[in-house]
Every structure is written in structure tokens, then in C-alpha cells.
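Shown next, in C-alpha cells, is the structure this report addresses.
The values are calculated or read from the model by the stated rules, or taken from the named source; none is laboratory data. Every value quoted in this text rests on a predicted model; they were computed, and no experiment measured them. Heads up, the Cβs are rebuilt from the backbone with ideal geometry, glycines too, and the neighbour counts pull from every protein chain shown. SASA here: full protein model, heavy atoms, side chains in, ligands and nucleic acids out. Shrake-Rupley method; radii C 1.70, N 1.55, O 1.52, S 1.80 Å.
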Amino acid sequence: MSKHNRKISVVGLGYVGLPVAVAFGRQERTIGFDINPRRIAELKAGHDNTLEVADEDLKSTNIQFTCEPADLELADFHIVAVPTPIDHAKRPDMTPVIRASETVGKQLKRGDIVVYESTVYPGATEEDCVPVLEKHSGLKCGTDFFVGYSPERINPGDKEHTFTKITKVVSGQTPEVLEIVAQVYESVVVAGVHRAATIKVAEAAKVIENTQRDLNIALMNELALIFHRLGIDCRDVLAAAGTKWNFLKFDPGLVGGHCIGVDPYYLTHRAQIAGYIPQVILAGRSINDDMGRYVAQQAVKHLIHEGVKVKGSVVTVLGFTFKEDVPDLRNTRVIDIVGELRDFGCEVQICDPCADSEEAHEEYGVHLTKEADLKPAKAVVFAVSHREFVSAGWPGITKYLEGGKGVVVDVKAKLDRKAIPAGVTLWRL
């Protein structure tokens, strides 16, 4: 038993929850709960298909993987790490966190502590989750059980800034609960903890971390739009400006995934309820949400300039996940490129060695094509810079073009401009 003397459960075993469970599971028996039986079976077999945890690390931990809610009674410190997406109207969808609260609430005992890691707007833990916990437990929060908030900071695919190496923001309902929460996380997070003043402060800190990054990328995207019209390469400008010591280095690109492209809407939603209409944040979101369509439009314009009949032209899109070298398809903005190209009448084929074809079809209604089955294309959109694509360089791109010639759109500017093959027209964001 560790020094905090608490028995841990982790509810939700995705990108966020699994590394948390593994960290605690290295110390003592930990309950790992997820509602997806396939996910539980996979983890019991010793493999994590999100690739966040290596098989050997997973097998060396003491975790009771389960989809049986009753097993949560074995713990008295519950960490909720479920997704908090947005709906089609870009409004917060709290359904997963509310359902997780129902599940935990039914198993709560006196003295239990529930800590949320899911990204929410300020006030959600106490105003939205606590009533659910009370309703389903029959207990009183602040007397019989307590809550805290400790925002997740997982960066998918990042093997350097992992759970235990990132300073953990913690908060608690009372000073005493705060200390317990801090002790629990300090037992596994070597980077230490930061004690936030209140739960709302911790919630707000999380949501502005990604909002700030979103706005910085939006500025780069807007600069790319401007410099394109001025006939200047945006990457050249950024390279020059980046020589100044205090210039913040961000790149233009697609902003998707379950964090940066989503979290700002949680803050703007809560701000609007409070009577304030955010302007800067929503403007940044608008710019970033339009970049996929802009990329597709540039591909079409270059096809036209090359005298290619756009309707019926084959266009190959390389990469479909929201980020390089991860299999996660959630909120991928590559779908915007695909949709716009199809609207122009292009025959779009998508190839991604990291993505799951079945999931792509279920979530987006698209078919992923294996490399061997790709037709020769008039254009290639290099959308996601997976290592496999980048390491192949120009030969790995031109082999998809009809006769090795055509239009190449390099979204992340990973291809060498000085080595453009003959017969290839390059455009990059």
C-alpha cells in the first residue's frame, strides 16, 4: 500500500485514462474500468491499440481491467477520464461524463473521493457532476463523499511528455481533500503537482491551455492565407521571424483531435451562458475550422492551372488521423479536405497506415485504400506527416502520381522544396 493509503479506480481507459491506470498500477492493485468490452478484452490480452502504452509496460502492471461497475466498490478514490466531445452544432456534449458520474455514483461509499480529469468548462464538476453523484449514491457531497478536479495533459503520440513527467494541476473541495488528492498524484507524478486555488480554477486552467494553442495556430493559419495572396511562402516568413529569441514558434495546419479543436467550445459555451460573447476565441476557431476546405480548394486550383479536368480526376490523400503517428480519428479535419474535393467532383482515395479502416467507415463513411490498391492520381494531398510518409521523401509521393507527374499539396511542409521532381507542381500551406 502506498503512503496515500487510497485504493484507486480509473473510469475510462482511452488515451488519458490508461496511462493514469498504468502509473498507479505499477504501485498497487488498481481498478481499470471501461464500458467497452472490446477495449477491456484487448487490454487483458496485453495490448493497447491507441499505442500510448507499450505492451511490456501494460503487462507489468497490477490492473484489474473490468467493465463491471460493481468492481468500482473496491476503490475509494475514483478518477474519471472519459471523453468530452462536442456535438454537430459545436456545443459541449457532456453525455460521457454524466454517464460516468451515474456509474460511479451507484458505487459510492462514505469517505470516497471522485476526481475528474475530463476537460470541462469552469463549474462543471460541482454544478453538473455532483448532483448526478448525489442522486445515484443517495449520499451528500461535502459530507459523505468529496470531489476534486485534476486536468489531463496527455499529448497523444508524445513519448517524452508522458503522464508522470508533466506537472499535475490538482484541486479539491476542501483544503483537506486537496491534500489527499495532491498526495495521491504525487505518489506517481515525478514532475510534482500544482495545487490550484479552487476546482473552478483547475477547470479553467485546463480549458485555456488548449484555447491558447488553438489561437496561436489560428494566427499562423491566417498569416498563411495572407502571405499566399502576397506571393510569399509562409514557412520562409516564419523561419525568418523565428530567429528572434521571443518569437513563439507555431506552424499553420489542420487543427483536429479531441483537445485543441474541441476545448475552446467548452469555454465559449460557458462564457455565453454568463452573458459574454467571445470574439477572439471564436474567430480563431472559425479560421481553423475552414483550413481543410482551403487546402482542398488550392489543390483544385492547381489542377485547373495544369489543364487537368477536375471532375473525375483521381486525388490521393495521404493520412487521415488527426495527428501524425497516432491511430486516433476523432475530429480529424482531413475529412474537410476529402469532402471539399468530392464536392468538386474529384475521385478521392485515402491511404493511412496508422488508421483503422473499419473505424473510418463507421465514423465518417469513408473507405481507406491500401497502398497496393491505389490508382494513379492527378494530385496527392500529403495531409498527415506520418513518419512512414516523411521518411520516404519525394519518391514516396511521386509513386502515387500518374506517370510520376502532377500536383502535390504538402500541408505540413515536410517535402524538400529544393528537390521537386520534374513534372511536379508543389503547393504547401
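Of the helices (runs of 4 or more DSSP H) contained entirely in segment 310-429, those carrying at least 2 residues that are among the hydroxyl-bearing types (Ser, Thr, Tyr) fall at 357-364, 387-398.
Looking only at residues in segment 321-359 that are over 19 Å from the mean Cα position of the chain (by Cα) and among the charged types (D, E, K, R), the one that is surrounded by the fewest Cβ atoms within 10 Å (Cβ to Cβ) is Glu358. Scanning segment 145-177 for residues that are part of a helix (DSSP H, G or I), open to solvent by less than 30 Å² (accessible area, probe 1.4 Å) and modelled with pLDDT of 95 or more yields a single hit, Val177. In summary, Ile98 fulfils each of the numbered conditions (1) in a helix (DSSP H, G or I); (2) buried (at least 24 other Cβ atoms within 10 Å of the Cβ) with the single exception of condition (2). If you check Leu230, Leu248, Leu223 for being surrounded by fewer than 16 Cβ atoms within 10 Å (Cβ to Cβ), within 26 Å of the chain's Cα centre (by Cα) and within 29 Å of Leu415 (Cα to Cα), only one passes: Leu248. Assess whether Ile8 counts as being open to solvent by less than 60 Å² (accessible area, probe 1.4 Å), of a type in the set (A, V, I, L, M, F, W, C) and touching a residue at least 40 places away in the same chain (Cβ under 8 Å). The answer is yes for Ile8.
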